[in-house]
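Asker: Pasting a structure here, questions to come.
FYI, it's all coordinate maths here, none of it is from the lab. Note that the structure is predicted; figures quoted are calculated from it, not measured. Neighbour counts are summed over all protein chains in view; Cβ atoms, including those assigned to glycine, are modelled from backbone coordinates with ideal geometry.
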Amino acid sequence: MNTQATPKKRIALFGSTGSIGTQALDVIRCNPDRFEASILTAQHNDELLVQQAIEFNPHTVVIGDANRYQKVKDALAGKSIQVLAGEKALEEAASHDGYDMMLAAIVGYAGLRPTLCAIENGKAIGLANKETLVVAGDIVMQKAFQKRVPILPVDSEHSAIFQCLVGETRNPIEKIILTASGGPFLGKKPNYLVNVKREHALQHPNWSMGAKISIDSATLMNKGLEMIEAKWLFNLRPEQIQVVVHPQSIIHSMVQFQDGSIKAQMGLPDMKLPIQYAMAFPQRIVNDFPRYDFKKVSTLSFEEPDLRTFRNLALAIEALQKGGNLPCVLNAANEIAVFAFLRNRINFLDITNVIEKTMANVAFIEQPTLQQYFDSDGEARSFAADLIQL
Ligand code: NDP
Ligand code: MG
């Protein structure tokens with residue numbers, strides 16, 4: 001009999017202080033014999049990072065904001081934890097050998113470079129950071145293929161599709177159906193949206209998430225980014241990706257096969273489930289999360305997304321169809337516009353105007369190199385920032 005215990009999977013948690021990061025640490029906390037946190041990173045939140053480091057004892061922590069380095073260093077003095085700081089340090093940590101899987105949970109474009117380093121380093125990726133694939137999906141997936149690195153989706157819709165595809169390797173996908181909750185403004189029209197405030201837009205009906213993705217959910221940009229993410233993850237043509245609004249968020253997405261059969265993955269909305277599925281794949285871990293009860297939520301409803309009101313989704317579909325550097329430009333403009341909205345500098349509907357104008361302005365490149373993606377991102381950011389005089 002083999003009495004040897006399976007070695008623990010060493011997780012490098014990039015963005016450990018965020019919504020996904022803290023939930024991933026909950027999963028690790030509940031499964032100490034399966035996982036350990038080897039690397040933790042934060043941008044500004046030094047206090048939580050230190051608290052996490054004391055609890056989980058990683059070998060390395062990174063604080064992105066270099067001004068906070070000394071505070072973190074002092075708080076962890078006497079522990080054998082390497083403290084790194086600054087943007088480049090994220091890449092240094094990602095290139096470290098001492099971990100098995102990166103959980104990519106940084107928000108936005110900032111997640112791209114560290115994730116590319118981890119792939120280059122031959123590490124498996126649990127991908128929450130959808131912007132990585134939106135910006136440079138072709139290059140990221142190609143590199144992962146070359147390095148034989150699995151990219152395991154954490155985004156709930158993509159985890160659902162991934163779960164539906166288990167055991168179907170030889171069966172082509174006819175189409176996928178991405179479900180969308182519709183966000184806090186489902187059914188609203190522009191005359192209402194023009195007045196919505198930051199606090200209201202941050203209140204998602206079904207999910208508790210970081211600020212940026214909460215706004216993206218309210219504008220439906222999140223679903224657009226997810227369509228592009230799905231294209232790269234599952235190697236689909238744009239016309240194979242359909243969005244359906246499903247306000248209860250019980251069906252997390254579906255796959256339709258060539259015989260017309262549809263598989264769905266269901267459950268209560270709880271990001272810990274896709275997080276632990278990616279971390280433990282191909283195993284499923286026992287947990288005590290609340291279960292979906294058909295008697296309690298007995299109506300599951302579906303409707304078309306309102307592309308005329310939620311124009312961000314229409315812009316994302318245009319970027320998905322045209323490809324090239326357009327998704328990268330869309331993403332950069334969206335990050336700037338959401339940043340401005342969160343600081344009450346522009347109104348809710350201006351987010352779309354900023355993105356549309358930036359997409360029209362930055363030169364189209366059909367097959368960008370990685371450097372051209374970086375440049376397009378920079379160009380789109382400065383154009384969008386100038387537009388709103390940031
Ligand atoms: P949060 O804003 O809650 O957390 C973001 C994390 O990234 C924090 O640890 C933050 O550090 C760090 N961070 C922020 N900016 C930078 C930067 N410039 N460089 C390095 N690190 C940075 O985001 P979420 O957890 O909500 O989302 C993370 C990613 O996961 C996003 O791409 C999102 O789209 C995706 N996702 C999230 C879901 C959710 O339910 N939250 C669901 C599906 C996908 P600090 O705390 O110090 O600021
Ligand atoms: Mg999602």
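Asker: Quick check on packing: order 334-343, 266-275, 280-289 by the mean number of other C-beta atoms within 10 Å, highest mean leading.
Answerer: Put in order of decreasing packing, that is 334-343, 266-275, 280-289.
Asker: Using only helices, what value at 222 nm comes out for the chain when you add -39,500 (n - 2.57) per DSSP H run of length 4 or more and divide by the total residues, to the nearest 500 deg cm²/dmol?
Answerer: -13500 deg cm²/dmol
Asker: Further, regarding this structure: Mind checking which lysines have their Cα closer than 25 Å to the Cα of Lys71? Skip sequence neighbours fewer than 8 apart in that chain.
Answerer: Within reach: Lys79, Lys88.
Asker: Can I ask one more? Considering only Cα-Cα distances, which of the following residue pairs are longer than 31 Å: Lys8/Lys143; Lys197/Lys272; Lys175/Lys212; Lys189/Lys295?
Answerer: The answer is Lys189/Lys295.
Asker: Calculate, for Phe289 and Leu165, the FRET efficiency according to 1/(1 + (r/R0)^6) with r their C-beta to C-beta distance and R0 25 Å; round to the nearest 0.05.
Answerer: Efficiency computed from Cβ-Cβ geometry: 0.65.
Asker: What does the extension gain come out to for Val194 and Phe257, with contour length at 0.36 nm per residue minus their alpha carbon separation?
Answerer: So the extension gain works out to 18.6 nm.
Asker: Once label points are set 7 Å from the Cα along Cα→Cβ at both Gln242 and Phe364, what is their separation, rounded to one decimal in nm?
Answerer: 2.7
Asker: Give me a comma-separated list of calculated 3J(HN,Hα) values for the range 179-191, in order, Karplus coefficients 6.51, -1.76, 1.60 applied at θ = phi - 60°, integers in Hz, x for any Gly or Pro.
Answerer: Per residue, the Karplus-derived 3J(HN,Hα) values read 8, 10, 5, x, x, x, 10, 4, x, 7, 10, x, 5 Hz.
Asker: Could you order peptides 79-88, 101-110 by the average number of other Cβ atoms within 10 Å of their residues, highest first?
Answerer: My ranking of the peptides, most packed first, is 101-110, 79-88.
Asker: In square nanometres, what is one fourth of the surface area of the convex hull spanned by the alpha carbons of the range 1-104?
Answerer: Dividing the Cα hull surface by four gives the mean projection, 6.8 nm².
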